[in-house]
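Worksheet: one structure, shown below.
The values are calculated or read from the model by the stated rules, or taken from the named source; none is laboratory data. None of these values were measured; they are calculated from a predicted model. Please note: Cβ atoms are built from the backbone with ideal geometry, for glycine as well, and neighbour counts cover all protein chains shown. Heavy atoms of the whole protein, side chains included, go into the accessibility calculation; ligands, DNA and RNA do not. Shrake-Rupley method; radii C 1.70, N 1.55, O 1.52, S 1.80 Å.
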Amino acid sequence: MGIAAGSPELVAMMLADARLPTGGHTQSGGLEPAVRAGLGGDGARLGEVASYAADRLRTIVRVEAATAVVARRLALDGELVEEAEAAWAARTPSQALRAASRRQGRAYLRLASRVWPRTTEYLKADAEIARPVVVGVVAAVTGLSAEQTARLVGYDDAQTVVAASLKLLPVDPADAASWLLKLHPAIEELVSAVSGTTTVAAIPAYGAPLVDVFAQAHAVERMRLFHA
């Protein structure tokens with residue numbers, strides 16, 4: 001008998017906590033290469049960080065959130081969650097972004113297999129699979145709703161970008177917190193857009209070519225603060 005799943009609401013809070021040992025501290029949501037390219041380069045343009053995070057929520061993160069929602073549905077229906085992984089990969093043209101997500105997904109899965117053992121009924125404990133797919137499976141075994149799942153993915157990405165800005169730019173932490181608050185409507189818009197997604201074919205295919213270019217360049221940087 002495995003460990004109890006716990007309260008879905010508290011599980012969602014737990015999964016959104018950056019202190020969870022899943023390697024989140026190694027990620028900047030692509031902000032580091034964007035800063036190298038000139039984003040937020042002076043005090044007058046620091047607000048570009050929030051705009052960057054909002055653009056991600058409308059594109060890359062919408063694909064990831066929908067993937068997580070569909071993976072949750074597939075797990076609940078007893079179907080192969082790997083189908084969601086294949087759909088996500090087809091919608092993620094950057095090899096660097098796919099590799100980063102799968103590396104983080106593996107760390108996430110390693111933790112999940114210990115904390116929520118039922119996760120291994122759907123995914124092998126050492127599988128290298130995209131993080132949103134792992135999130136979807138964890139959501140299924142812990143009782144998270146589709147809305148909670150999508151909100152978790154959206155919030156986590158926005159928080160990743162905002163937290164990284166504190167290490168990359170001369171940002172007042174209070175300003176960073178205000179950026180995150182201003183992103184709440186964009187996160188809720190994402191939730192409304194993808195929480196009803198039930199099939200692999202319905203996963204959207206939004207793209208952010210410049211983020212892909214940044215990611216590819218960052219992957220070969222010799223000196224970097226964040227992995228991606």
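Taking the stated definitions as given, is R91 under 17 Å from the mean Cα position of the chain (by Cα) and either modelled with pLDDT of 95 or more or hydrophobic (A, V, I, L, M, F, W, C) (or both)? Yes, satisfied. Pairs are defined by a Cβ separation below 9 Å, a sequence spacing of at least 6 or placement on different chains, a first member in segment 204-228 that is farther than 23 Å from V69 by Cβ, and a second member that is assigned to a loop (DSSP other than H, G, I, E, B) and of a type in the set (A, V, I, L, M); the pairs so defined are L210/A37; V213/A37; F214/A37; A215/A228; A217/A37; H218/A228; A219/A228.
For segment 148-171, name all the residues that are aliphatic (A, V, I, L, M) and within 10 Å of the chain's Cα centre (by Cα).
Within segment 148-171, A150, L152, V153, A158 meet the criteria.
All conditions in (1) at pLDDT below 95; (2) part of a helix (DSSP H, G or I); (3) in contact with an Asp or Glu (Cβ under 9 Å, 6 or more places away or on another chain) hold for G154, with the sole exception of (1).
Within segment 137-146, is there a residue that is polar (S, T, N, Q) and more than 13 Å from R72 (Cα to Cα)?
Initial filter on segment 137-146 (polar (S, T, N, Q)): 142, 145.
Checking which are more than 13 Å from R72 (Cα to Cα) leaves us with none.
No: zero hits.
Flag: S7 does not match the condition of being at pLDDT below 95 and open to solvent by less than 10 Å² (accessible area, probe 1.4 Å).
If the Cβ limit is 6 Å and pairs must be 6+ apart or interchain, which residue in segment 110-134 that is farther than 20 Å from V61 by Cα and in contact (Cβ under 8 Å) with a residue 40 or more places away in the chain pairs with which residue that is in a loop (DSSP other than H, G, I, E, B) and small (G, A, S)? Matching pairs, first to second residue: P117/G2; R118/G2. Selection within segment 211-225: residues that are in contact with a helix residue (DSSP H, G or I) (Cβ under 8 Å, 6 or more places away or on another chain) and either open to solvent by 80 Å² or more (accessible area, probe 1.4 Å) or part of a loop (DSSP other than H, G, I, E, B) (or both). The member of this set that is modelled with the highest pLDDT is R224.
Selection of segment 168-201 for residues being in a loop (DSSP other than H, G, I, E, B), open to solvent by less than 40 Å² (accessible area, probe 1.4 Å) and more than 30 Å from E85 (Cα to Cα) yields L169, V171. If the condition is being open to solvent by less than 40 Å² (accessible area, probe 1.4 Å) and part of a helix (DSSP H, G or I), then segment 73-96 contributes L74, A75, A84, E85, A87, W88, A89, A96.
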